[in-house]
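Below is one structure; the comments refer to it alone.
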Amino acid sequence: MNVQRYVVVDLETTGNSAKKGDKIIQIAAILIENGKIVDRYMSFVNPLQKIPTFIEQLTGISNEMVESAPTFNEIANDLQSFLENSTFVAHNVYFDLTFLQEELSNYGFQFTGPILDTVELSRIVFPTNKSYKLSDISDEFNILHENPHRADSDAEVTALLLLKIFDKLKTLPIISLQQLSRLSRSFISDIEEILEGFIAEKLISLKKREERTDLEVVRSLALKKEYDLIADEIEVGKWDLSDILAIFQQDNGKIKSVFPSYRVREEQLQMMQEIYESLTTHQHELIEAATGSGKSLAYLVPSLIFSKNEKKSILISTFTTNLQSQLLEGDIPLLKKVLPFQFTAAILKGRRHYLCLQKFEQILKETENNYDYNLTKAQILIWLTETITGDLDELNIPSGGKALWNHLHVDDSSFVKNPFAEHCFYQRAKEKANKANLIITNHALLISDIHREKRILPDYEEVIIDEAHHFHRVATEQLGMRFSYVNVHILLNQIGTSQSNGNVHKFLQIPEIDENKHQHLLAIDELVTEVQEECDQLFSSIHSYVLVRQRDTSMNRISYRFNTDVENNRAWSAILELAKRVTFKMSDMIRLIEKSLQILDDKFEETLSIKDKIVCEEFKSNFQKLSDSKCKLENILFTQSEQNVTWIEIDAKGAKNAASLYAQPLQVADFLADEYFAKKQSAILTSATLTVKHSFTFIIDMIGLTDFYPKRLKIDSPYVYKKQVKLFIPNDMPQVNEVSLDEYSEAVAANIGSVAQITEGKILALFTSYEMLRKTYQLLKEDETLEDYMILGQGTGSGSRLRLTKNFKQFEKAILLGTSSFWEGVDFPGEDLTALMIVRLPFASPDNPIVAAKSAQLELEGRNAFYDYSLPEAILRFKQGFGRLIRNEDDRGILFVLDNRIITANYGKDFINSIPELEIEKNPMHILTHSIDQWISKK
């Protein structure tokens with residue numbers, strides 16, 4: 001019998017643990033019958049204990065509000081009656097149910113019915129949602145959520161969410177519901193009977209006119225149909241740049257109706273003309289386009305005109321997926337409404353991003369005990385009825401599900417005898433890219449594709465490289481190598497033995513395999529175990545070697561640069577001996593696997609089932625990875641080159657074998673010049689930060705454009721920074737290099753606290769050291785004068801960058817301490833950011849292996865490593881950090897630089913001159929506080 005009575009419950013409590021004595025302070029329950037809310041129950045509860053300050057701030061429930069409320073004993077009977085013969089529903093069901101059961105048991109009651117968890121069900125039914133927090137879901141679906149963290153409001157939202165989940169499930173085709181029902185036996189939620197009810201209803205009422213026309217069933221999977229909406233365009237000759245620019249030269253024309261906040265920007269128009277000229281005259285160019293100049297549209301428009309006129313595709317490469325999303329979801333749809341011609345844009349990523357349908361069909365048949373695997377399968381089932389890309393980046397899968405994806409993405413097995421070939425997401429993405437005017441990709445794929453035997457990207461001669469200040473670093477990483485214990489361990493487990501559930505075992509289970517021909521493969525069992533053990537010893541020895549030589553005992557992540565020819569000691573010799581043993585054993589494994597794979601021929605593979613063909617292809621793939629791993633280990637440890645830097649990274653506080661080996665080229669300029677830029681007609685590199693001391697020379701040298709004499713253009717921002725920003729420099733801060741980390745952190749925390757008290761807004765503090773960030777975070781958390789502030793710190797357990805950014809925006813008073821990724825790529829417009837504080841000038845650590853090696857190389861060449869490398873890199877980073885403060889023409893904000901070197905060092909002026917001209921005040925902090933107050937009051 002399908003349960004039709006649901007009671008949605010939400011509790012507010014004095015803490016997180018009922019077992020430790022925390023109590024309920026508010027309870028709300030909403031009764032749903034036959035798809036409608038029919039009754040509500042709400043009561044404050046006297047916990048007979050004091051409500052902690054944090055809970056009071058979070059919920060708004062005070063001790064006074066519960067003082068005259070009933071105790072749980074007085075409402076227990078009512079609750080038991082309300083819950084009788086019902087399904088218990090909650091958002092994170094075990095939290096609410098555990099508290100309720102603890103209280104009910106004290107009065108002889110117990111709930112024994114079915115349960116539903118709306119967190120779990122939301123993950124399954126809305127697999128592309130960015131967050132499953134109740135407030136985020138209510139925003140996503142425009143559900144009114146008046147008082148988050150209050151039981152009545154939370155319960156109401158959860159009830160409406162449950163109905164939305166049911167509505168979505170009812171739209172699924174029968175085949176998807178049946179597969180979901182089979183998976184549901186491993187879920188927290190008792191949903192199987194409900195799904196069977198939906199299936200029965202569909203079977204009774206199934207008529208052709210009721211079937212979803214937007215879906216098609218291919219074998220056992222229901223897939224979203226894709227329609228090509230681009231009609232054949234009538235040729236109209238060539239499009240004139242001036243005619244198109246006229247659209248963007250008036251802010252009351254067609255563009256205004258599509259984009260109400262649009263305003264004419266001369267900087268944007270200038271950039272459009274400049275890029276079109278470079279494309280048509282086949283020239284490379286660098287363009288620094290400051291914040292507010294409208295950079296994205298400025299390169300999209302001329303690229304499209306050129307593409308239409310010349311009938312050529314243009315590649316657009318970005319560093320971040322955020323920018324790709326902005327282009328695809330914001331700028332390109334806008335241009336489709338504004339421009340007088342049709343065009344296509346496609347995004348293309350590496351094969352690992354795309355789902356292989358035949359692999360998913362096979363894995364769906366396999367029974368799993370792994371909860372995350374089953375949850376991920378359920379998510380993908382529903383996602384397939386929505387996605388036309390099959391791109392992993394659309395999905396929000398659990399961390400455990402990412403391991404499953406390693407068995408689901410497109411690889412070589414996806415192109416042989418595939419019954420889903422016509423529906424292959426990867427091939428479809430390639431076909432779209434081949435026909436598109438604009439092909440959007442990322443720097444990493446662009447670089448890795450240069451020497452790839454089977455190219456992923458279509459042929460192209462013109463490229464726009466946005467976020468170009470990252471280009472040389474990405475090239476360095478892509479042309480380098482990494483060998484880690486974790487990766488080898490995972491690979492060896494995937495290959496497995498004749499007895500484990502890996503490649504070897506599955507291969508030998510194929511019915512067509514003649515075991516007599518593959519008897520030699522059984523010898524791999526011992527080898528796999530030996531390589532595992534030898535690798536464990538190798539990486540444990542490497543870990544110990546670095547620990548003995550570390551300089552900073554407080555750091556967890558430690559880097560150690562090495563040169564095999566120089567590390568002349570017994571410990572290093574022992575490491576090399578272990579590495580040789582690993583490579584010898586790997587070679588033996590490779591020979592055994594190679595012998596088995598050579599026996600397979602094309603004719604044999606034609607007789608295999610899809611399942612067994614996938615087994616063979618996975619075996620081949622991991623064989624190639626094993627060969628690559630052996631080569632990497634040999635190259636990093638035994639092949640020394642003056643052109644490369646080699647180093648070790650360890651987790652000092654992690655496992656004893658938590659180590660990785662790296663090798664990267666010291667410079668990529670020659671490679672990029674010869675293998676990339678020389679083969680392109682026109683490359684336009686743009687970013688908000690390309691110049692150092694108003695010159696492009698540094699970036700041109702780094703990326704290899706020197707001999708091409710590229711055009712250069714610097715476009716200033718339309719913002720009036722002198723009116724919008726003031727720079728404050730407290731000259732009583734201690735010298736960063738003359739005091740301990742603890743002392744400097746205390747001074748930083750004191751200044752952040754002072755600014756917070758005056759501004760009463762939101763402060764972003766940018767650090768260059770995680771250790772200093774953590775110390776400052778702890779000091780701020782202990783500061784009683786900051787009780788009203790939400791204090792967030794990257795790497796302190798406050799969540800991911802996305803979570804930190806969202807929380808920072810939610811609170812009226814907040815302090816966010818960030819490093820690394822927060823120096824760029826995050827936007828806090830308007831009142832989302834009051835003050836930006838740069839704690840230290842962003843010089844890379846001289847102990848960083850790449851920095852140390854490049855500096856040494858420059859010194860050998862007779863150059864000044866600091867002025868020719870470290871300083872320019874720091875200035876570019878500083879400019880990126882400054883860009884977080886002002887995001888539109890109406891923003892106002894305060895910039896604080898706490899590092900005294902900006903006024904005491906000779907190079908300090910280079911940082912100040914790198915940003916727009918600002919009013920600057922240098923004084924002791926107690927004087928600056930009055931100036932801040934005056935500046936804020938000018939609003």
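For this structure, a couple of remarks:
- Each residue in segment 826-843 was checked for being crowded, with 17+ Cβ neighbours inside 10 Å and either in a loop (DSSP other than H, G, I, E, B) or of a type in the set (Lys, Arg) (or both), and 9 of them qualify.
- Scanning segment 783-807 for residues that are within 16 Å of residue 761 (Cα to Cα), touching a strand residue (DSSP E or B) at 6+ places or on another chain (Cβ under 9 Å) and of a type in the set (Ser, Thr, Tyr) gives 789, 805.
- All of 745, 754, 740 fail the test of being at negative phi, buried (at least 23 other Cβ atoms within 10 Å of the Cβ) and in the same structural domain as residue 897 (by TED's automatic domain parsing), apart from 745.
Conditions tested, residue by residue: (1) buried (at least 16 other Cβ atoms within 10 Å of the Cβ); (2) under 37 Å from the mean Cα position of the chain (by Cα); (3) modelled with pLDDT of 90 or more; (4) not hydrophobic (A, V, I, L, M, F, W, C).
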residue	(1), (2), (3), (4)
238	no, no, no, yes
247	no, yes, no, no
261	no, yes, no, yes
279	yes, yes, yes, no
283	yes, yes, yes, yes
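- Of the helices (runs of 4 or more DSSP H) contained entirely in segment 133-221, those carrying at least 1 residues that are assigned by TED's automatic domain parsing to the domain that holds residue 23, in contact with a strand residue (DSSP E or B) (Cβ under 6 Å, 6 or more places away or on another chain) and farther than 30 Å from residue 358 by Cα fall at 151-170.
Yes or no, residue by residue, for (1) within 31 Å of the chain's Cα centre (by Cα); (2) of a type in the set (A, V, I, L, M, F, W, C); (3) surrounded by fewer than 20 Cβ atoms within 10 Å (Cβ to Cβ):
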position	(1), (2), (3)
456	yes, yes, yes
486	yes, yes, yes
493	yes, no, yes
499	no, no, yes
508	no, yes, yes
519	no, no, yes
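- Every condition in (1) in contact (Cβ under 8 Å) with a residue 12 or more places away in the chain; (2) assigned to a loop (DSSP other than H, G, I, E, B); (3) surrounded by fewer than 17 Cβ atoms within 10 Å (Cβ to Cβ) holds for residue 707 except the one numbered (2).
- A Cβ distance below 7 Å, combined with a sequence gap of six or more or placement on separate chains, defines the contacts here; from segment 839-852, residues that are farther than 24 Å from residue 746 by Cβ and assigned by TED's automatic domain parsing to the domain that holds residue 748 reach residues that are of a type in the set (A, V, I, L, M, F, W, C) and assigned to a loop (DSSP other than H, G, I, E, B) in the pairs 851/844.
- Residue within segment 22-35 that is within 30 Å of residue 784 (Cβ to Cβ), under 38 Å from the mean Cα position of the chain (by Cα), among the aliphatic types (A, V, I, L, M) and surrounded by fewer than 19 Cβ atoms within 10 Å (Cβ to Cβ) present: no
- Residue list for segment 670-682, restricted to those being among the small types (Gly, Ala, Ser) and surrounded by 19 or more Cβ atoms within 10 Å (Cβ to Cβ): 682
- Taking the criterion of being crowded, with 19+ Cβ neighbours inside 10 Å and out of contact with any helix residue (DSSP H, G or I) (no Cβ under 7 Å at 6 or more places or on another chain), the only residue of segment 775-790 that qualifies is 777.
- Residue 896 out of contact with any Lys or Arg (no Cβ under 9 Å at 6 or more places or on another chain), outside any helix (DSSP H, G or I), buried (at least 20 other Cβ atoms within 10 Å of the Cβ) and at pLDDT 90 or above: yes
- Which listed residue is under 23 Å from residue 886 (Cβ atoms), surrounded by fewer than 16 Cβ atoms within 10 Å (Cβ to Cβ) and either at pLDDT below 90 or not assigned by TED's automatic domain parsing to the domain that holds residue 751 (or both), from 822, 811: 811
- Taken over segment 740-777, residues that are farther than 23 Å from residue 877 by Cβ and not in a helix (DSSP H, G or I) amount to 3.
- All positions within segment 524-536 that are touching a residue at least 24 places away in the same chain (Cβ under 8 Å) and either within 14 Å of residue 586 (Cβ to Cβ) or of a type in the set (Phe, Trp, Tyr) (or both): 524, 527, 528, 529, 530, 531, 532, 534, 535
The values are calculated or read from the model by the stated rules, or taken from the named source; none is laboratory data. All values reported here derive from a predicted model rather than from experimental measurement. Every residue, glycine as well, gets a Cβ built from its backbone with ideal geometry; the counts of neighbours run over all protein chains shown.
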